Amino acid sequence: MIEITALLAVLYVLARAVSGQGTIAREVGNAASALADGGSDNDAIVSGMNYYVFGFTKNYGLPERAGPKGKLWIDDPTYRPDWSAVYVHYPPGANWMTGIGFYLFGPGHVPLYRSIPIAVSAVCFLASYFFIRRTLGALLAAISIIVLLRVPMTTSMMHALYSHGYATAILVLQTSYVFSCFRQQGFLQPRQLALVFLMGWMQGWLTFDYAFVASLYPLVVAAICFSRPVSKAGIITTIAAGGGFTAAHVLHFLQVALYRQSWSSAYSEFLGTAAYRTVAMKDPETPENATLQIIYTYLIELLPGRGFGDWPALYIIGVGVLMPVAYMVWSRFLPNLRGTGAGGRGLLCAVALALGVSMMWELVMQQHALVAAHKLFLPRHLIFFLFVCILSSSTIAHDISICLWYRFFDTSSRSRQIVRSETGNPGDGPRVSIPS
């Protein structure tokens, strides 16, 4: 009954989110969605239309953002007909997906194109539930996913045609998968590392915006699962995730070099864009106290009434910080808790590290964060921080419940050790589950 109820609860919450995003897609029609960052959404529509008209091989696969004459199957008159046509800054993954939407559903059906990122997001969130369920059980897995989905900004851009329609859900999937592997076996096998590499490549092929969270998340997950903040398994998995992300941009660099017919031109393009977006070449519109403004601008969005986080975000942060503190207190009364994982201090370290990783893009790419008008979707990097708070709290609840079970209901020798490992090192092996 717990298994069925948990799954039905996740499906219900997810279905409500999908239904709400479908309603927005129908209301927006064939125009760009202001809720999904109108400029990026518009570029995805026009570039998808160009893929439909000219094919995916023109310009070596790079997207064109100027509408072809006589082929305007969009309702928004501001489709940028005079915009610089070929876009070379970011990889074209999201643009390709919209082009596929044109091929699948025909021109003039933008709401149907939005069903692709909505469906991908729904699958990722549901798969994340099953990954967490493998190690924490159905009840805690359902609570983890439902609480995350209840934060407004987690699902509000599922209908977006650009990268943020896919990247958030894929990040949740990546985190859940690595968390499950670390909790079950303490490391990743080669085929699992290959899958992490592939997911990193998918993130990189969508955009560069998720560079830090999509590459560094294994370090944070390892801090949750192991008895030390930095571990060999976490470093190796981070290399795999970052390697996949980097490989996507190497391929994109090759695209730009072939299109420009010059390696030096492609190099100058990438270097110039990076310098302009960061603090290396300051934009005149970037304020002097940019770092403080960025911290205020993005963290304030988690407060009630701001639309991105609201009360659920504050609740998650509060629980995510208080639970590790309570964990340290509990460990004094439950000796079996010692050595079962990161411990209270380690989990607090993981939460702090997650906040740093989530804010890293905004602090490094200051022009992009404050001047480039992308404030609608950049705060979604903080979803990783919220998810880590949830996973930390769920981990603590799981470990304490097991200790209580074996303390009061099981008198066998298994109660003497919560974490078993072939090597005999606490925290490195699979965990014992509560008997059904």
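The values are calculated or read from the model by the stated rules, or taken from the named source; none is laboratory data. Computed from a prediction, not measured in an experiment: that's the story for all the values here. Note that we place each Cβ from the backbone using ideal geometry, even for glycine, and neighbour counts take in every protein chain shown. Quick note on the areas: whole protein, heavy atoms, side chains included, nothing else; ligands and nucleic acids left out. Shrake-Rupley method; radii C 1.70, N 1.55, O 1.52, S 1.80 Å.
Counting just the residues of region 215-252 that are in a helix (DSSP H, G or I) and among the polar types (S, T, N, Q), which one comes out most open to solvent (accessible area, probe 1.4 Å)? The extreme case among them is Thr246.
Return the only residue of Gln174, Gln184, Gln255 being in a helix (DSSP H, G or I), touching a Phe, Trp or Tyr at 6+ places or on another chain (Cβ under 7 Å) and closer than 23 Å to Gly320 by Cα.
Values: Gln184 fails: touching a Phe, Trp or Tyr at 6+ places or on another chain (Cβ under 7 Å); Gln255 fails: closer than 23 Å to Gly320 by Cα.
Of Gln174, Gln184, Gln255, the one residue that is in a helix (DSSP H, G or I), touching a Phe, Trp or Tyr at 6+ places or on another chain (Cβ under 7 Å) and closer than 23 Å to Gly320 by Cα is Gln174.
Mind listing whichever residues of region 11-39 are buried (at least 24 other Cβ atoms within 10 Å of the Cβ) and assigned to a helix (DSSP H, G or I)? Selection gives Gln21, Ala36.
Which of the residues that make up region 34-55 are aromatic (Phe, Trp, Tyr) and more than 21 Å from Ala160 (Cβ to Cβ)?
Restricting attention to region 34-55, the residues satisfying the condition of being aromatic (Phe, Trp, Tyr) are 51-52, 54.
Residue satisfying the conditions is Phe54 alone.
If you go through region 143-165 and keep only what is open to solvent by 10 Å² or more (accessible area, probe 1.4 Å) and either within 12 Å of the chain's Cα centre (by Cα) or under 16 Å from Val13 (Cα atoms) (or both), you end up with Ile143, Ile146, Val147, Leu149, Arg150, Pro152, Thr155, Ser156.
With the structure loaded, tell me whether Ala257 is farther than 19 Å from Glu64 by Cα and not aromatic (Phe, Trp, Tyr) or whether it fails that test. Outline the logic, then answer.
Details: farther than 19 Å from Glu64 by Cα: no; not aromatic (Phe, Trp, Tyr): yes.
No.
Taking the stated definitions as given, is Phe212 in contact with a helix residue (DSSP H, G or I) (Cβ under 6 Å, 6 or more places away or on another chain), at pLDDT 95 or above and surrounded by fewer than 24 Cβ atoms within 10 Å (Cβ to Cβ)? Spelling it out, it is not the case that Phe212 is in contact with a helix residue (DSSP H, G or I) (Cβ under 6 Å, 6 or more places away or on another chain), at pLDDT 95 or above and surrounded by fewer than 24 Cβ atoms within 10 Å (Cβ to Cβ). Search region 310-320 for residues being at pLDDT 75 or above and either more than 22 Å from the chain's Cα centre (by Cα) or open to solvent by less than 60 Å² (accessible area, probe 1.4 Å) (or both), and hand back the single one that is farthest from Ile224 (Cα to Cα). Step by step, filter region 310-320, then rank; the result is Pro312. Is at least one residue of region 338-345 in a helix (DSSP H, G or I), over 24 Å from Ser231 (Cβ atoms) and either under 20 Å from the mean Cα position of the chain (by Cα) or at pLDDT below 85 (or both)? No, every residue in region 338-345 fails to be in a helix (DSSP H, G or I), over 24 Å from Ser231 (Cβ atoms) and either under 20 Å from the mean Cα position of the chain (by Cα) or at pLDDT below 85 (or both).
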